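Report on the structure given below.
The values are calculated or read from the model by the stated rules, or taken from the named source; none is laboratory data. Keep in mind that this is a model prediction, so the values were computed, not measured. Neighbour counts run over all protein chains shown; Cβ positions are idealised from the backbone, glycine included. Surface areas here come from the heavy atoms of the whole protein model, side chains and all, with no ligands, DNA or RNA. Shrake-Rupley method; radii C 1.70, N 1.55, O 1.52, S 1.80 Å.
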Amino acid sequence: MMKHLTCALLLGLVAAPLGAHPHVFVDTAMRFEVNDDAEITGVTMTWSYDDFFTLLIFEDMGLDPDGDAVLTDGELDTLFGFDLENWPEGFEGDLYLYSNGDKIEMPRPRPIGIAVEDGRIVATHFREIPRVPTAGLEIMQYDPTYYVAYDISQGVSFTDPSCNASVSDPDPTVAEEALAEALETPSEDIFLTIEMGIYYADRIDISCAPPSN
């Protein structure tokens, strides 16, 4: 994650280490590449950041001095890839894939687009995925610390029209129980961060027509 967002995340974690309240909101779209063998090979992700976070990034990077939320080509070039710079150690890009329960390791994404729409930064990335069958694949997008909340409001699509996505909403009761249990667990770490994001994550299951061969 880029240095600006990293700083915001770290400040938020120090300020509210035991909270379960997101501070950055991202509407997302995903488009998965599917080959002829019904395998996922990559994903194009579009992240639309909330307007307040957009303003913070503009201020931090010295962009949009007139405050009209219209960036010049030069400013857009400066913003391009801002959220993929200087990933913290262990950061996985807030995207998790499991094939029949086994976690899929993926290379880092690369930026492919940047825009500002309706006062919000819209960043587009492409991420290669090692060839993995669509059958038995489960996908989740979340920030483990739940500082950033992702909403798959822009939809999930595929290059193979035979594929469909089933999105399951998280169970708020499970999240509340997990938070209560974590808060009851003694810890001497005053900066303890409870990783609650997985409990608030949508789960995406994929179904595609079997390969023709």
Tell me whether the range 115-130 contains one or more residues that are surrounded by 14 or more Cβ atoms within 10 Å (Cβ to Cβ) and within 30 Å of residue 178 (Cα to Cα). no
When (1) under 19 Å from residue 131 (Cβ atoms); (2) more than 18 Å from the chain's Cα centre (by Cα) are applied to residue 32, the one that fails is (2)
Open to solvent by 40 Å² or more (accessible area, probe 1.4 Å) and either of a type outside the set (Lys, Arg) or in contact with a Pro (Cβ under 7 Å, 6 or more places away or on another chain) (or both), is that true of residue 159? yes
Selection within the range 69-86 - in contact (Cβ under 8 Å) with a residue 60 or more places away in the chain and touching a helix residue (DSSP H, G or I) at 6+ places or on another chain (Cβ under 8 Å): 82, 83, 85, 86
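Select, from 94, 27, 50, the only residue that is at positive phi, surrounded by 12 or more Cβ atoms within 10 Å (Cβ to Cβ) and not basic (Lys, Arg).
Details: 27 fails: at positive phi; 50 fails: at positive phi.
Testing whether each residue is at positive phi, surrounded by 12 or more Cβ atoms within 10 Å (Cβ to Cβ) and not basic (Lys, Arg) leaves just 94.
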Does the range 98-113 hold any residues that are farther than 18 Å from residue 47 by Cα and surrounded by 12 or more Cβ atoms within 10 Å (Cβ to Cβ), and which are they? 98, 99, 104, 106
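Return yes when residue 149 is out of contact with any Leu (no Cβ under 8 Å at 6 or more places or on another chain), of a type in the set (A, V, I, L, M), touching a residue at least 60 places away in the same chain (Cβ under 8 Å) and not in a strand (DSSP E or B) and no when it is not.
Values: out of contact with any Leu (no Cβ under 8 Å at 6 or more places or on another chain): yes; of a type in the set (A, V, I, L, M): yes; touching a residue at least 60 places away in the same chain (Cβ under 8 Å): yes; not in a strand (DSSP E or B): no.
In short, no.
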